[in-house]
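Okay, so here's the structure we're looking at.
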Amino acid sequence: MKKNRLTALILAAAMTLALAACGGGSAGTPAPQESKEPPANTGETYNLRMSIMYTAGTPGFEFCNWFADRVSELTDGKVTVQVFPGSQLGDYTATFGELIQGSLDLTWESVAIEYNPKLNLVGAPYVVANWDEVKYAFNTESWLGQFVNGVMQEQNVRQIGVAPGGFYGIGGKNVGDLNTLFDLDVAQNVLCRVPPATSAIKTMEALNFTPTTINYSDLYSALQTGVADCWYGGSVDLNYDNFRDVISYYVAYNYLNEYYPLCISEATMAKLPAEYQDAIVQAGKDATENAYNTMYDSYYDYFDKLRDYDIEVIEPTDEQLATMAERVSESVWVDLEELVGADNINALRDFTEQMHADLAK
């Protein structure tokens, strides 16, 4: 009997060592990739798949395809990127999980905060107030870009570009009392859909809305049936392109310009020869500038499109916007410290102060 127990213990120990040798980690989170020399260029061609949220005909679809064309151009057609629009490959949270595992090559979608709570930082409200600040902050070289990439690198994902989502407001059939929308001391008795992110929930609470968490894939039907009165998470373009038939109002709170990272799986990157890796990084940098120009050039036209579709657009005065920005950011940024770390929130404050100083020169 003792001999059998001893044998079982030895076998168990051997299995544990074997698993450790294979790099076994927690489920769903692979061990970090070991750096190794990229393969030699043998003339092989590579077809990469990229998931995007944007639907055909939208500005986002346009700049995603521009990136794919740029990759092909820089690699003489040896690397092609097949774009799958409209979340065909799954919700952005699921596709980011595939990036981590290496079963998907690229995404250009919302930040999936479910995989690391530190990414709630990109949802901090009122970080940027105008398009000059967006250009300063939304790139891979800025403090914000380096912070996002650092977190993603822990999950075997690399950020190679960024796009702005436009300044976000609230769209819906019912957005509350139209006379007190910008008075933060008056509660709006409506249900506002938010994604399952602490930053979004806290922002809506600070704006005096009642948040209700609903996945983006279920949002249209939720607005259509009245499960939610309005929604957080979209600029004028998304409200027009995807929800114009189920909203009557758009309120330009400008609480966020969403940070859309262009990401590639490190597992995919490791399969590519060095010159193709460099080409993809360069294409991501070039696509960042193109995405900014595309979104900026189309942003203000969408206000007219909403009005032409008989959707009432409500905008705050500069004074009202400044007051909301100060109160909401003071409240929500403190709430986010527990999730992202007080040091990161302090670094964000330093970054925004430096941004204001640099742009004032």
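Out of all the residues in the stretch 283-296, which are in contact (Cβ under 8 Å) with a residue 60 or more places away in the chain and not polar (S, T, N, Q)?
Filtering the stretch 283-296 for residues in contact (Cβ under 8 Å) with a residue 60 or more places away in the chain gives 283-288, 290-292, 294-296.
Passing the criteria: A283, G284, K285, D286, A287, A291, Y292, M295, Y296.
Give me the residue from the stretch 235-248 that is at pLDDT 95 or above and surrounded by fewer than 23 Cβ atoms within 10 Å (Cβ to Cβ) and, out of that set, farthest from K36 (Cα to Cα).
Filtering first and then ranking leaves S248.
Give me a count of the residues in the stretch 53-93 that are small (G, A, S) and assigned to a helix (DSSP H, G or I). Don't jump to the end; show me each part of the working.
At the first step, the residues of the stretch 53-93 found to be small (G, A, S) are 56-57, 60, 68, 72, 77, 86-87, 90.
The next check asks that each one be assigned to a helix (DSSP H, G or I); those that pass are 60, 68, 72.
So the answer is 3.
Collect the residues in the stretch 210-226 that are without any contact (Cβ under 8 Å) to a residue 40 or more places away in the chain and under 26 Å from K305 (Cα atoms), keeping them in residue-number order. Break it down stepwise before answering.
Residues of the stretch 210-226 without any contact (Cβ under 8 Å) to a residue 40 or more places away in the chain: 210-214, 218-222, 224-225.
Selection gives D218, L219, Y220, S221, A222, Q224, T225.
Restricting attention to the stretch 37-51, report how many residues are over 12 Å from Y276 (Cβ atoms), outside any loop (DSSP other than H, G, I, E, B) and out of contact with any Cys (no Cβ under 8 Å at 6 or more places or on another chain). Walk me through it before giving the result.
The first filter runs over the stretch 37-51 and keeps only residues over 12 Å from Y276 (Cβ atoms), leaving 37, 47, 49-51.
From the residues that got through so far, the ones that are outside any loop (DSSP other than H, G, I, E, B) too are 47, 49-51.
Add one more test, that the residue is out of contact with any Cys (no Cβ under 8 Å at 6 or more places or on another chain), and what stays is 47, 49, 51.
Final tally of qualifying residues: 3.
Being of a type in the set (F, W, Y) and more than 14 Å from the chain's Cα centre (by Cα): is that true of Y136 here? Can you show your working first?
Working: of a type in the set (F, W, Y): yes; more than 14 Å from the chain's Cα centre (by Cα): yes.
Considered against the rule, which asks whether it is of a type in the set (F, W, Y) and more than 14 Å from the chain's Cα centre (by Cα), Y136 comes out as yes.
Would you confirm whether or not the stretch 267-288 contains a residue that is outside any helix (DSSP H, G or I) and either of a type in the set (A, V, I, L, M, F, W, C) or buried (at least 19 other Cβ atoms within 10 Å of the Cβ) (or both)?
Residues of the stretch 267-288 that are outside any helix (DSSP H, G or I), as a first pass: 272-273.
Still in the running and either of a type in the set (A, V, I, L, M, F, W, C) or buried (at least 19 other Cβ atoms within 10 Å of the Cβ) (or both): 272-273.
Yes, the stretch 267-288 contains at least one residue that is outside any helix (DSSP H, G or I) and either of a type in the set (A, V, I, L, M, F, W, C) or buried (at least 19 other Cβ atoms within 10 Å of the Cβ) (or both).
Residue by residue through the stretch 168-209, note down the ones that are under 22 Å from T93 (Cα atoms) and not in a loop (DSSP other than H, G, I, E, B).
Those that are under 22 Å from T93 (Cα atoms) and not in a loop (DSSP other than H, G, I, E, B): C192, R193, V194, T198, S199, A200, I201, K202, T203, M204.
Cβ-Cβ under 9 Å, sequence separation 6+ or interchain: first residue in the stretch 258-280 and under 17 Å from Q82 (Cα atoms), partner in a strand (DSSP E or B) and acidic (D, E). Which pairs?
Listed by first residue and then by second, the contacts come to nothing, as the list is empty.
Name the single residue that is surrounded by the fewest Cβ atoms within 10 Å (Cβ to Cβ) among those in the stretch 97-134 being farther than 20 Å from F61 by Cα and charged (D, E, K, R).
The residue in question is D132.
Yes or no, residue by residue, for (1) hydroxyl-bearing (S, T, Y); (2) at pLDDT 95 or above:
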| residue | (1), (2) |
| --- | --- |
| V175 | no, yes |
| D183 | no, yes |
| V186 | no, yes |
| T203 | yes, yes |
| S217 | yes, no |
| A228 | no, yes |
| G233 | no, no |
| Y250 | yes, yes |
| Y253 | yes, yes |
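Given the conditions (1) in a helix (DSSP H, G or I); (2) touching a helix residue (DSSP H, G or I) at 6+ places or on another chain (Cβ under 6 Å); (3) surrounded by 21 or more Cβ atoms within 10 Å (Cβ to Cβ), report the number of the one that Y259 does not fulfil.
Only one criterion is unmet by Y259, namely (1).
I'd like to know if the stretch 351-361 contains one or more residues that are surrounded by 12 or more Cβ atoms within 10 Å (Cβ to Cβ) and among the acidic types (D, E).
Looking through the stretch 351-361, none of the residues is surrounded by 12 or more Cβ atoms within 10 Å (Cβ to Cβ) and among the acidic types (D, E).
Within the stretch 143-167, work out how many residues are assigned to a loop (DSSP other than H, G, I, E, B) and touching a Phe, Trp or Tyr at 6+ places or on another chain (Cβ under 7 Å).
The initial filter retains those residues of the stretch 143-167 that are assigned to a loop (DSSP other than H, G, I, E, B), namely 154-156.
Going one step further and asking which of them are touching a Phe, Trp or Tyr at 6+ places or on another chain (Cβ under 7 Å), we end up with 155.
Residues in the stretch 143-167 being assigned to a loop (DSSP other than H, G, I, E, B) and touching a Phe, Trp or Tyr at 6+ places or on another chain (Cβ under 7 Å): 1 in total.
The values are calculated or read from the model by the stated rules, or taken from the named source; none is laboratory data. As the structure is a computational prediction, the values presented were derived from the model and not from experiment. Ideal geometry is used to build each Cβ from the backbone, glycine not excepted, and the neighbour counts take in all protein chains shown.
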